[in-house]
1. Using the Karplus curve 6.51 cos²θ - 1.76 cosθ + 1.60 with θ = phi - 60°, what ³J(HN,Hα) values do you get for each residue of the stretch 444-449, in whole Hz, with x for Gly and Pro?
2. What percentage of the solvent-accessible surface of the chain, computed with a 1.4 Å probe over protein heavy atoms, is contributed by carbon and sulfur atoms?
3. Rounded to the nearest 5, what is the percent of antiparallel bridges among the DSSP beta bridges in the chain?
4. Rounded, prolate or oblate: which fits the stretch 419-559, taking a ≥ b ≥ c as square roots of the Cα gyration tensor eigenvalues, rounded meaning a/c under 1.5, else prolate when a/b beats b/c?
5. List every residue whose amide H lies under 5 Å from the amide H of Ser483, counting only residues 5 or more places away in sequence or on a different chain, with H placed 1.01 Å from N in the peptide plane.
6. Does the stretch 446-503 come out rounded, prolate or oblate, given a ≥ b ≥ c as the square roots of the eigenvalues of its C-alpha gyration tensor, rounded meaning a/c under 1.5 and, failing that, prolate meaning a/b above b/c?
7. Go through the cysteines of the chain and tell me which have no other cysteine Cβ under 4.7 Å away.
8. Let me have the 222 nm mean residue ellipticity of the chain computed from DSSP H runs of 4+ only, each contributing -39500 (n - 2.57), with the sum over all residues rounded to the nearest 500.
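The values are calculated or read from the model by the stated rules, or taken from the named source; none is laboratory data. The model shown is predicted, which means the values in this text are computed figures rather than measured ones. When we count neighbours, we look across all protein chains shown, and the Cβ atoms used for this are built from the backbone with ideal geometry, even at glycine. Heavy atoms of the whole protein, side chains included, go into the accessibility calculation; ligands, DNA and RNA do not. Shrake-Rupley method; radii C 1.70, N 1.55, O 1.52, S 1.80 Å.
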Amino acid sequence: MLYRPNYLHVPLARWQWLGFGVFACAFLALGIGLRDPWPADEPRFALNALEMLRTGQFWLPHRGGELYPDKPPLYMWATALGIAATGSVRLGFLLPSLFAALGTLALIVDLSRRLYGQRIAMLAGLALLTTLQFVLQAKAAQIDMLLTFFVTLGAYGLMRHALLGDSRGWWYLACIAMGLGILTKGVGFLPLLMLPAWWWLARQGHATRLEMKTLLLGLGCLLGTLLLWAVPMILITSLSDDPSLAAYRDNILFKQTGERYASAWHHLKPWYYYLVEVLPWAWMPLVLLLPWALPAWWRRLRRGDAKIVMPLFGVIVTLVFFSWSPGKRGVYVLPTIPLLVLALAPLFPGLLGKIGPNRLGTLVLVALGGIFLAAGILGALGLPDLAQLSVRYQVTPWLGWSLLGCAAIALLVWLRVRGGLTALGLWFLIFWGWWSTDAYLQMNDTRSPRRMMQRVVEQTSQDAWLALPAFGEEFLLQARQPSVHFGYHTPLEAQLQRAYAWLEQAPHERWMLIEQDNAQEIGCMDDTQVIDMGHQNGEYWALAPGIAFDACQGDVSAAPLFIAPTTLKEK
């Protein structure tokens, strides 16, 4: 009788891995260059990075000439590198997320290959590429994808040492990665939460023992990485007489760390927020496997399967950690997705063949396809509610939505119920293809004020100065003329009083761009000189020359004044 090896352990051909790599790069990079940075966070970090390049001030990030103390600078450095390398904000601002996503994918595929073989590694990679929140953040210029890469690298190095024999170098690299993660967004230490599981598994003889000396040396690597930035920053801010530098130091070291976690002042949500409102969509379609994965996990946990215990423990403690804080955002749980894929990886072959998960996948795809097809057809027929949305946001996505609905039908007919999960995964790939092309092009004028700021120049002049009270970073980023603001957190009334004084100095050469709701509260403004600039980012905007505020009483001491370096012509 001939021996037939298990297909899961048959190595994949080199061309298969090459094809997978090329597909992953093309899929995640699709759309770069087709859109500008979109609110809420993307314009802020692009502006920080562009300002670094214009001013040469890299150590302390600024926003429109004002210190930006909410995040450490590592992500801004990466964005500045992307912009400098490409010579374009549009091309460069998404590169950090792209490379971070590809790095995370490579780490998960490699660790899955070492633990379970090449074919399961390929399934793990495809699972990660079809997980909704992972791809969403890979195509967004927010800090969290880079954080996820460093957290995943930390977990990878930790598990290489714990699960694959004595690999102290990987443990030290993991600690350096965690330090870089902290310099990205404060919570880069998340892999350290896996240490209790490692200690327990080592006592049971299921994992490599972590010696105290090795632990302390690793923590020393983590601390040393932090100090490379923290020590110069503390010296710069402490030795200066500028109170704003001291405020920056205290904010970044204390308010944005322990205080933000323990006593959050925004994004307040109940403890069950992630379980009820985030994970059902963020983990899609992996979440559909959980009813069948839980019994399998339980059996493996009972026999101390370290390859399951460690990533699964990492997922659980990360969710508990973020759920404990009163301040919650859906994107915080992004680092759980690579660990969840690792925990599910050995179960993929069995789960993909079960009828239950495939039926559930079919139901979800029927619902998604039906919603998109119905909305596309009704929008094209002029349903009033959809027509109003189309006019308000200046988009007509009816053809794209209809095609997504038709794609769902075609996949269901082709793969039928037994291929429901595969059909759903393929549909998500098609969805992201549409999102990264047609949706980008249709939505960019609504999400980015590029054209509106060009119209502002046409109404004023290239050399006219512009005041932006209560500004959004996207307006400073897209400004085509010298611009000023009056402090991001300054109360609006104080900003306006300072703006009146500034406009009064040269009323024929200075203008103000302001939300119409705020403009209507300015009783001293001459409404006959106001120019309607239309709808942008959910608000209507008004442009007025300095002479329209002749009757307004200004106060030079009411607020600071910042000149945005990115809006000035370079010498």
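1. Residue by residue, the stretch 444-449 yields 4, 5, 7, 8, 10, x Hz.
2. Numbers: 15970 of 25390 Å².
Of all accessible area on the chain, carbon and sulfur atoms account for 63 percent.
3. Numbers: 15 of 20 bridges.
Antiparallel bridges make up about 75 percent of those DSSP assigns within the chain.
4. Numbers: a/c = 3.07, a/b = 2.53, b/c = 1.21.
Because a/c hits 1.5 or more and a/b exceeds b/c, the stretch 419-559 counts as prolate.
5. Amide H to amide H, under 5 Å and 5 or more residues apart or across chains, Ser483 pairs with Leu466, Ala564, Thr567.
6. Numbers: a/c = 2.66, a/b = 1.42, b/c = 1.88.
Taking the square roots of the gyration eigenvalues as a ≥ b ≥ c, the stretch 446-503 is oblate.
7. Singleton cysteines: Cys25, Cys406.
8. Numbers: 26 runs with 332 residues, N = 571.
Helix contribution divided over all residues of the chain: -18500 deg cm²/dmol.
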